[in-house]
Amino acid sequence: MRVRVPCARPGDTIDIVAPASACSREALAAGAAVLKEWGYRPRTPPDLFEGRGITAAPDPSRYRMLARALRRSDSRVIWCARGGYGSQRLLPRLARRPLPDRPKLLVGFSDVTALHVFINQHWGWPTLHAATLSDLGSGRLSQTALGELRAMVAGRTSRVTFRLQPLNAAARRPRTVSGRLVGGNLKTIQSLAGTPWGLRPAGCILVVEDTGERGYAIDRMLVQLSQAGMLRGVRALVFGQFTRGLEPDGRFTGTEVIARFAERLRVPALRGAPIGHGDSARAVLLGRPASIELAPEAACLSVAWTPEAVAG
(Lines give C-alpha, C1' and ligand atoms only; values in the text may rest on other atoms or scores of the structure.)
Protein backbone atom coordinates (compact mmCIF):
# COMPACT_ATOMS: atom_id res chain seq x y z
CA MET A 1 0.00 0.00 0.00
CA ARG A 2 1.40 3.40 -0.98
CA VAL A 3 2.35 5.60 1.97
CA ARG A 4 0.79 9.05 1.96
CA VAL A 5 3.27 11.86 2.46
CA PRO A 6 3.40 12.97 6.13
CA CYS A 7 2.93 16.70 6.61
CA ALA A 8 3.48 19.15 9.44
CA ARG A 9 0.32 20.84 10.67
CA PRO A 10 0.17 24.19 12.49
CA GLY A 11 1.71 23.87 15.94
CA ASP A 12 3.36 20.53 15.18
CA THR A 13 6.70 19.53 16.63
CA ILE A 14 9.49 18.95 14.10
CA ASP A 15 12.37 16.80 15.32
CA ILE A 16 15.86 18.06 14.50
CA VAL A 17 18.61 15.46 13.97
CA ALA A 18 22.24 15.61 12.88
CA PRO A 19 23.04 12.32 11.10
CA ALA A 20 26.16 13.73 9.47
CA SER A 21 28.26 16.83 10.23
CA ALA A 22 27.59 19.67 12.65
CA CYS A 23 26.72 23.23 11.72
CA SER A 24 27.37 26.29 13.83
CA ARG A 25 25.07 27.04 16.77
CA GLU A 26 24.18 30.29 15.04
CA ALA A 27 23.10 28.49 11.85
CA LEU A 28 21.09 26.01 13.90
CA ALA A 29 19.29 28.82 15.75
CA ALA A 30 18.60 30.73 12.53
CA GLY A 31 17.07 27.65 10.90
CA ALA A 32 14.97 26.90 13.98
CA ALA A 33 13.72 30.50 13.91
CA VAL A 34 12.43 29.97 10.37
CA LEU A 35 10.49 26.87 11.45
CA LYS A 36 9.00 28.83 14.34
CA GLU A 37 8.03 31.61 11.94
CA TRP A 38 6.27 28.96 9.85
CA GLY A 39 4.24 27.94 12.92
CA TYR A 40 6.16 24.84 14.06
CA ARG A 41 7.98 23.84 17.23
CA PRO A 42 11.50 22.60 16.44
CA ARG A 43 12.72 20.06 19.00
CA THR A 44 16.51 19.91 19.25
CA PRO A 45 18.23 17.24 21.38
CA PRO A 46 20.64 18.71 23.96
CA ASP A 47 23.37 16.36 22.75
CA LEU A 48 22.92 17.16 19.05
CA PHE A 49 26.54 18.31 18.69
CA GLU A 50 28.72 16.39 21.13
CA GLY A 51 31.46 15.34 18.77
CA ARG A 52 34.86 16.84 18.08
CA GLY A 53 35.70 14.84 15.01
CA ILE A 54 34.34 14.67 11.47
CA THR A 55 30.73 14.08 12.53
CA ALA A 56 28.29 15.97 14.75
CA ALA A 57 28.50 13.28 17.44
CA PRO A 58 29.75 9.68 17.74
CA ASP A 59 27.90 7.12 15.62
CA PRO A 60 25.89 5.60 18.53
CA SER A 61 24.71 9.05 19.65
CA ARG A 62 23.69 10.17 16.17
CA TYR A 63 21.81 6.93 15.65
CA ARG A 64 20.03 7.22 19.01
CA MET A 65 18.82 10.71 18.12
CA LEU A 66 17.53 9.52 14.75
CA ALA A 67 15.90 6.42 16.24
CA ARG A 68 14.25 8.51 18.95
CA ALA A 69 12.83 10.89 16.34
CA LEU A 70 11.52 7.96 14.29
CA ARG A 71 9.89 6.46 17.38
CA ARG A 72 8.13 9.52 18.74
CA SER A 73 4.39 9.70 18.15
CA ASP A 74 4.04 13.49 18.45
CA SER A 75 5.92 14.49 15.27
CA ARG A 76 5.52 13.81 11.57
CA VAL A 77 8.63 15.50 10.18
CA ILE A 78 12.35 14.97 10.87
CA TRP A 79 14.65 17.75 9.67
CA CYS A 80 18.40 17.23 9.28
CA ALA A 81 20.65 19.98 10.63
CA ARG A 82 23.33 19.64 7.96
CA GLY A 83 24.85 17.34 5.35
CA GLY A 84 28.62 17.04 5.27
CA TYR A 85 29.55 13.46 6.11
CA GLY A 86 28.37 10.65 8.35
CA SER A 87 24.87 9.49 7.37
CA GLN A 88 26.20 6.36 5.68
CA ARG A 89 27.78 5.22 8.95
CA LEU A 90 24.31 4.87 10.52
CA LEU A 91 22.93 2.45 7.91
CA PRO A 92 24.06 -0.84 9.54
CA ARG A 93 22.26 0.14 12.76
CA LEU A 94 19.23 1.41 10.87
CA ALA A 95 18.99 -1.86 8.93
CA ARG A 96 18.78 -3.88 12.16
CA ARG A 97 15.80 -2.01 13.58
CA PRO A 98 12.22 -3.01 12.70
CA LEU A 99 10.11 -0.82 10.47
CA PRO A 100 8.87 2.13 12.55
CA ASP A 101 5.18 2.17 13.43
CA ARG A 102 4.34 5.26 11.39
CA PRO A 103 5.98 7.01 8.44
CA LYS A 104 7.89 10.24 9.01
CA LEU A 105 8.98 12.76 6.39
CA LEU A 106 12.78 13.10 6.40
CA VAL A 107 14.04 16.46 5.09
CA GLY A 108 17.61 17.13 3.95
CA PHE A 109 20.03 16.66 1.06
CA SER A 110 23.70 16.19 0.18
CA ASP A 111 25.14 13.51 2.53
CA VAL A 112 21.59 12.84 3.76
CA THR A 113 21.17 11.07 0.40
CA ALA A 114 22.34 7.88 2.17
CA LEU A 115 19.21 8.04 4.36
CA HIS A 116 16.98 8.93 1.42
CA VAL A 117 18.16 5.84 -0.45
CA PHE A 118 17.70 3.55 2.54
CA ILE A 119 14.27 4.86 3.54
CA ASN A 120 12.95 4.90 -0.05
CA GLN A 121 14.15 1.38 -0.85
CA HIS A 122 13.83 -0.52 2.43
CA TRP A 123 10.84 1.15 4.08
CA GLY A 124 8.98 2.42 1.03
CA TRP A 125 8.58 5.89 2.54
CA PRO A 126 8.84 9.11 0.54
CA THR A 127 11.53 11.58 1.60
CA LEU A 128 12.05 15.25 0.84
CA HIS A 129 15.27 16.26 -0.92
CA ALA A 130 15.43 19.83 0.33
CA ALA A 131 17.39 22.39 2.34
CA THR A 132 18.86 21.32 5.65
CA LEU A 133 18.05 23.34 8.78
CA SER A 134 21.34 25.24 8.55
CA ASP A 135 20.38 26.36 5.02
CA LEU A 136 16.94 27.62 6.04
CA GLY A 137 18.15 30.65 7.99
CA SER A 138 21.27 31.33 5.95
CA GLY A 139 19.67 33.88 3.66
CA ARG A 140 21.17 31.95 0.74
CA LEU A 141 17.98 30.41 -0.61
CA SER A 142 15.57 32.32 -2.80
CA GLN A 143 12.18 33.29 -1.42
CA THR A 144 10.58 31.22 -4.19
CA ALA A 145 12.44 28.08 -3.10
CA LEU A 146 11.63 28.70 0.57
CA GLY A 147 7.97 29.33 -0.17
CA GLU A 148 7.63 26.13 -2.18
CA LEU A 149 9.40 24.12 0.52
CA ARG A 150 7.12 25.55 3.18
CA ALA A 151 4.05 24.60 1.16
CA MET A 152 5.32 21.06 0.58
CA VAL A 153 6.05 20.44 4.27
CA ALA A 154 2.59 21.75 5.18
CA GLY A 155 0.82 19.60 2.58
CA ARG A 156 -0.49 22.62 0.70
CA THR A 157 0.95 21.45 -2.61
CA SER A 158 1.03 18.01 -4.15
CA ARG A 159 2.98 18.45 -7.38
CA VAL A 160 6.24 19.94 -8.62
CA THR A 161 7.34 20.35 -12.22
CA PHE A 162 10.79 21.08 -13.65
CA ARG A 163 11.62 22.12 -17.18
CA LEU A 164 14.55 20.10 -18.53
CA GLN A 165 16.89 20.16 -21.53
CA PRO A 166 17.48 16.97 -23.55
CA LEU A 167 21.10 15.85 -23.75
CA ASN A 168 20.94 12.90 -26.14
CA ALA A 169 18.92 11.40 -28.97
CA ALA A 170 16.89 9.20 -26.63
CA ALA A 171 15.69 12.29 -24.76
CA ARG A 172 14.62 14.08 -27.96
CA ARG A 173 12.19 11.38 -29.11
CA PRO A 174 8.67 12.52 -28.09
CA ARG A 175 7.08 10.19 -25.54
CA THR A 176 6.38 9.89 -21.83
CA VAL A 177 8.85 8.18 -19.48
CA SER A 178 7.60 7.14 -16.05
CA GLY A 179 9.09 5.65 -12.88
CA ARG A 180 9.79 6.39 -9.23
CA LEU A 181 12.09 9.35 -8.73
CA VAL A 182 15.21 8.34 -6.80
CA GLY A 183 18.73 9.65 -6.26
CA GLY A 184 20.35 12.72 -4.76
CA ASN A 185 24.02 13.51 -4.26
CA LEU A 186 26.19 11.75 -6.83
CA LYS A 187 29.23 11.31 -4.56
CA THR A 188 27.09 9.73 -1.84
CA ILE A 189 25.38 7.41 -4.32
CA GLN A 190 28.82 6.34 -5.52
CA SER A 191 29.95 5.68 -1.94
CA LEU A 192 26.99 3.32 -1.41
CA ALA A 193 27.83 1.21 -4.47
CA GLY A 194 28.78 -2.33 -3.49
CA THR A 195 27.20 -2.09 -0.03
CA PRO A 196 23.96 -3.81 1.04
CA TRP A 197 22.31 -0.37 0.93
CA GLY A 198 23.42 0.68 -2.53
CA LEU A 199 20.91 2.41 -4.77
CA ARG A 200 18.98 0.10 -7.13
CA PRO A 201 17.53 2.51 -9.68
CA ALA A 202 16.34 0.01 -12.32
CA GLY A 203 12.85 0.98 -13.44
CA CYS A 204 13.26 4.44 -11.89
CA ILE A 205 14.06 7.98 -12.96
CA LEU A 206 17.45 8.77 -11.44
CA VAL A 207 18.35 12.36 -10.52
CA VAL A 208 21.88 13.35 -9.43
CA GLU A 209 23.56 16.56 -8.25
CA ASP A 210 26.83 17.55 -6.59
CA THR A 211 29.11 20.37 -5.54
CA GLY A 212 32.85 20.96 -5.42
CA GLU A 213 33.64 18.20 -7.92
CA ARG A 214 35.86 18.93 -10.92
CA GLY A 215 35.02 17.59 -14.35
CA TYR A 216 37.27 14.52 -14.19
CA ALA A 217 35.78 13.53 -10.81
CA ILE A 218 32.23 13.83 -12.12
CA ASP A 219 33.16 11.63 -15.08
CA ARG A 220 34.85 9.08 -12.80
CA MET A 221 31.73 8.77 -10.64
CA LEU A 222 29.41 8.41 -13.63
CA VAL A 223 31.70 5.84 -15.27
CA GLN A 224 31.78 3.80 -12.06
CA LEU A 225 28.00 3.76 -11.84
CA SER A 226 27.83 2.65 -15.46
CA GLN A 227 30.51 -0.03 -15.14
CA ALA A 228 28.89 -1.32 -11.93
CA GLY A 229 25.64 -1.84 -13.84
CA MET A 230 23.78 0.70 -11.75
CA LEU A 231 22.42 2.51 -14.81
CA ARG A 232 21.07 -0.68 -16.37
CA GLY A 233 17.29 -0.46 -16.55
CA VAL A 234 17.12 3.20 -15.54
CA ARG A 235 14.16 4.91 -17.27
CA ALA A 236 15.96 8.26 -17.48
CA LEU A 237 18.98 10.04 -16.01
CA VAL A 238 18.39 13.63 -14.88
CA PHE A 239 21.21 15.99 -13.90
CA GLY A 240 20.54 18.61 -11.24
CA GLN A 241 22.85 21.42 -10.17
CA PHE A 242 26.61 20.88 -10.27
CA THR A 243 28.19 23.84 -8.50
CA ARG A 244 31.76 24.99 -7.79
CA GLY A 245 34.45 22.46 -8.72
CA LEU A 246 36.41 24.89 -10.89
CA GLU A 247 39.60 23.87 -12.64
CA PRO A 248 42.86 25.63 -11.64
CA ASP A 249 42.38 27.98 -14.61
CA GLY A 250 38.92 28.97 -13.38
CA ARG A 251 36.90 26.96 -15.90
CA PHE A 252 34.15 24.49 -14.98
CA THR A 253 34.39 21.42 -17.20
CA GLY A 254 31.61 19.44 -15.54
CA THR A 255 29.00 20.63 -18.02
CA GLU A 256 31.06 19.32 -20.96
CA VAL A 257 31.77 16.04 -19.17
CA ILE A 258 28.07 15.47 -18.45
CA ALA A 259 27.13 16.25 -22.07
CA ARG A 260 29.70 13.78 -23.46
CA PHE A 261 28.67 11.07 -21.01
CA ALA A 262 24.99 11.57 -21.88
CA GLU A 263 25.64 11.18 -25.61
CA ARG A 264 26.79 7.59 -25.05
CA LEU A 265 23.66 6.57 -23.13
CA ARG A 266 20.77 4.72 -24.73
CA VAL A 267 18.30 5.99 -22.15
CA PRO A 268 17.06 9.60 -22.02
CA ALA A 269 19.52 11.95 -20.32
CA LEU A 270 18.49 15.48 -19.40
CA ARG A 271 19.81 18.43 -17.43
CA GLY A 272 18.42 21.50 -15.75
CA ALA A 273 16.68 20.07 -12.67
CA PRO A 274 16.89 22.95 -10.15
CA ILE A 275 17.89 20.80 -7.19
CA GLY A 276 21.19 20.61 -5.33
CA HIS A 277 23.60 23.05 -3.73
CA GLY A 278 22.66 26.20 -5.65
CA ASP A 279 20.90 29.25 -4.22
CA SER A 280 17.82 28.56 -6.33
CA ALA A 281 17.62 24.90 -5.31
CA ARG A 282 14.05 23.63 -5.08
CA ALA A 283 12.66 20.80 -3.02
CA VAL A 284 11.59 17.53 -4.63
CA LEU A 285 9.97 14.41 -3.25
CA LEU A 286 11.96 11.19 -3.70
CA GLY A 287 10.50 7.70 -3.74
CA ARG A 288 7.32 8.75 -5.51
CA PRO A 289 6.10 8.19 -9.11
CA ALA A 290 7.31 10.76 -11.59
CA SER A 291 6.99 11.26 -15.32
CA ILE A 292 8.92 13.12 -18.00
CA GLU A 293 7.23 14.45 -21.12
CA LEU A 294 10.00 14.24 -23.70
CA ALA A 295 10.22 16.53 -26.73
CA PRO A 296 13.00 17.52 -29.16
CA GLU A 297 13.72 20.94 -27.63
CA ALA A 298 12.57 20.67 -24.01
CA ALA A 299 11.06 18.27 -21.51
CA CYS A 300 9.00 18.50 -18.33
CA LEU A 301 9.59 16.40 -15.21
CA SER A 302 6.54 16.11 -12.96
CA VAL A 303 6.27 14.54 -9.50
CA ALA A 304 2.85 14.22 -7.82
CA TRP A 305 1.79 12.81 -4.47
CA THR A 306 -1.02 12.68 -1.90
CA PRO A 307 -0.23 14.63 1.28
CA GLU A 308 -1.38 12.96 4.49
CA ALA A 309 -2.79 16.22 5.84
CA VAL A 310 -5.25 16.68 2.98
CA ALA A 311 -5.89 13.07 2.01
CA GLY A 312 -9.53 12.08 1.89
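The values are calculated or read from the model by the stated rules, or taken from the named source; none is laboratory data. Small disclaimer: the values here were computed from a predicted structure and weren't measured. In this analysis, Cβ positions are derived from the backbone assuming ideal geometry, glycine residues included, and neighbour counts consider all displayed protein chains. Accessible surface is based on the protein model in full, side chains and every heavy atom, while ligands, DNA and RNA are left aside. Shrake-Rupley method; radii C 1.70, N 1.55, O 1.52, S 1.80 Å.
Charge dipole of region 1-76 (Cα centre as origin; +1 on each Lys and Arg Cβ, -1 on each Asp and Glu Cβ, all else neutral): 360 debye, rounded to the nearest 20. For Leu106, the residues whose modelled amide H falls within less than 5 Å of its own, excluding neighbours fewer than 5 places apart on the same chain, are Ile78, Leu128.
Calculate for the chain the 222 nm mean residue ellipticity that helices alone would give, adding -39,500 (n - 2.57) per DSSP H run of length 4 or more and normalising by residue count, nearest 500 deg cm²/dmol. Could the numbers behind the result be given before it?
Working: 10 runs with 88 residues, N = 312.
Helix-only estimate at 222 nm: -8000 deg cm²/dmol.
Which of the DSSP-defined H helices in the chain satisfy a minimum axial length of 15 Å, computed from C-alpha atoms, and a minimum mean Kyte-Doolittle hydropathy of 0.5?
Values: long enough: 25-37 (18 Å, 0.38); 59-71 (18 Å, -0.93); 143-154 (16 Å, 0.54); 215-227 (18 Å, 0.19).
Taking the DSSP H segments of the chain (at least 15 Å long, mean hydropathy at least 0.5), we get 143-154.
Would you mind giving the three semi-axes, in whole Å and largest first, of the ellipsoid equivalent to the chain according to its Cα gyration tensor? Provide the component values of the computation, followed by the final result.
Values: eigenvalues 178, 93, 73 Å².
Value: 30, 22, 19 Å, ordered largest first.
Note: relative contact order over the chain, using C-alpha pairs below 8 Å and six or more positions apart, is 22 percent. Keeping the other protein chains in place, figure out the carbon and sulfur percent of the accessible area of the chain, with a 1.4 Å probe. Reported share for carbon and sulfur atoms: 49 percent.
Which of the trypsin sites (Lys or Arg not before Pro) found in region 1-51 are loop residues per DSSP with 16 or fewer other Cβ atoms within 10 Å of their Cβ? Before the final figure, lay out each step's value.
Numbers: sites: Arg2, Arg4, Arg25, Lys36, Arg43; in loops: Arg2, Arg4.
When the trypsin sites (Lys or Arg not before Pro) of region 1-51 are filtered for loop state and at most 16 Cβ neighbours within 10 Å, Arg2, Arg4 remain.
Within region 262-303, which GluC sites (Glu not before Pro) sit in a loop by DSSP and count at most 11 neighbouring Cβ atoms inside 10 Å?
On the way: sites: Glu263, Glu293, Glu297; in loops: Glu297.
Passing sites in region 262-303 are Glu297.
What region 32-158 shows is 40 Å² of accessible area per residue, with the surface traced by a 1.4 Å probe over protein heavy atoms.
When you filter the trypsin sites (Lys or Arg not before Pro) in region 177-274 for DSSP loop state and at most 13 other Cβ atoms inside 10 Å of their Cβ, you are left with Arg232, Arg244, Arg251, Arg264, Arg266.
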